[in-house]
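First up is the structure itself, then whatever we jot down about it.
The values are calculated or read from the model by the stated rules, or taken from the named source; none is laboratory data. Remember, it's a predicted structure, so these values are computed and weren't measured experimentally. A quick note on method: Cβ atoms are made from the backbone with ideal geometry, for glycine too, and the neighbour counts reach across all protein chains shown.
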Amino acid sequence: MTKTALQKKLFSMQDTVYRRFQQKLLPTLPGETIIGIRTPALRSFAKEFAKTPDAKKFVKNLPHVYYEENNIHAFIIETIADFNDVVAALDEFLPYVDNWATCDLMSPKALEKNIPALYEKAQEWMASGKTYTVRFGIGILMRFFLDERFTLSSAALVSKIRSDEYYINMMVAWYFATALAKQYDAVLPFIEKKKLDVWTHNKTIQKAIESYRVSDERKKYLRSLKLKP
């Protein structure tokens, strides 16, 4: 396969030791699609690349071949300043996201510019049926709606998600473990009343117990709530 100018540049930045490390972290991706570039270096490159005319062509040329190309696309989206434009860019890109890392590293600041619309959009993403789009939507509720914007209705939305996909269920568990750290009294009934499937319920408790933000007393009680598989 003939490499593009961008791909040649990326391979010139390759770190083969880091590549082997990333291949272990990203078991859902074919090993040959991971070049192996450390994130700070890739982010720095993407920041400059985003300013070039080639970047506009690049984001329209989907799907990408390499994991790092997907991450560059994600970093370019983060440079968009307008809320509607960033949502449109996410809608174009999310169906092509094929791994948890690319999904989780995207956190465009422009999303904070219209919180009511973001809440509605997160629900749309969670209902998409596409693994990493659903995961991204849950991540939005976790990042933007677990502090002063928290509501029981948002937690209820996440609790109703049922999936056979590991990377969706893990994000649900991550959401509720974080919620137990930030909104313990409000969220605890979701665990006490067994509102999650058994695997996600137990994974939530495990992650909460591992958190330094949950007190020892609360960890002890959470251990008592574990379910038999």
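In the set L180, L152, only one residue is farther than 27 Å from P95 by Cα, more than 21 Å from the chain's Cα centre (by Cα) and not small (G, A, S); that residue is L152.
Taken together, the criteria place T131 among residues that are under 18 Å from the mean Cα position of the chain (by Cα) and either surrounded by fewer than 21 Cβ atoms within 10 Å (Cβ to Cβ) or over 19 Å from Q14 (Cβ atoms) (or both). Are any of the residues in region 187-200 outside any helix (DSSP H, G or I), among the basic types (K, R) and over 23 Å from the mean Cα position of the chain (by Cα)? For region 187-200, residues outside any helix (DSSP H, G or I), among the basic types (K, R) and over 23 Å from the mean Cα position of the chain (by Cα): present. Note on region 141-153: residues that are in a helix (DSSP H, G or I), touching a residue at least 12 places away in the same chain (Cβ under 8 Å) and surrounded by fewer than 21 Cβ atoms within 10 Å (Cβ to Cβ) total 3.
Any residue at all in region 40-48 that's more than 26 Å from I80 (Cβ to Cβ) and modelled with pLDDT of 95 or more?
Step one: list which residues in region 40-48 are more than 26 Å from I80 (Cβ to Cβ), which gives none.
Scanning region 40-48 turns up no residue that is more than 26 Å from I80 (Cβ to Cβ) and modelled with pLDDT of 95 or more.
Only helices (runs of 4 or more DSSP H) whose full extent lies in region 1-93 are considered here, and the ones with at least 1 residues that are surrounded by 12 or more Cβ atoms within 10 Å (Cβ to Cβ) and within 19 Å of the chain's Cα centre (by Cα) are 16-25, 39-49, 67-78, 83-93.
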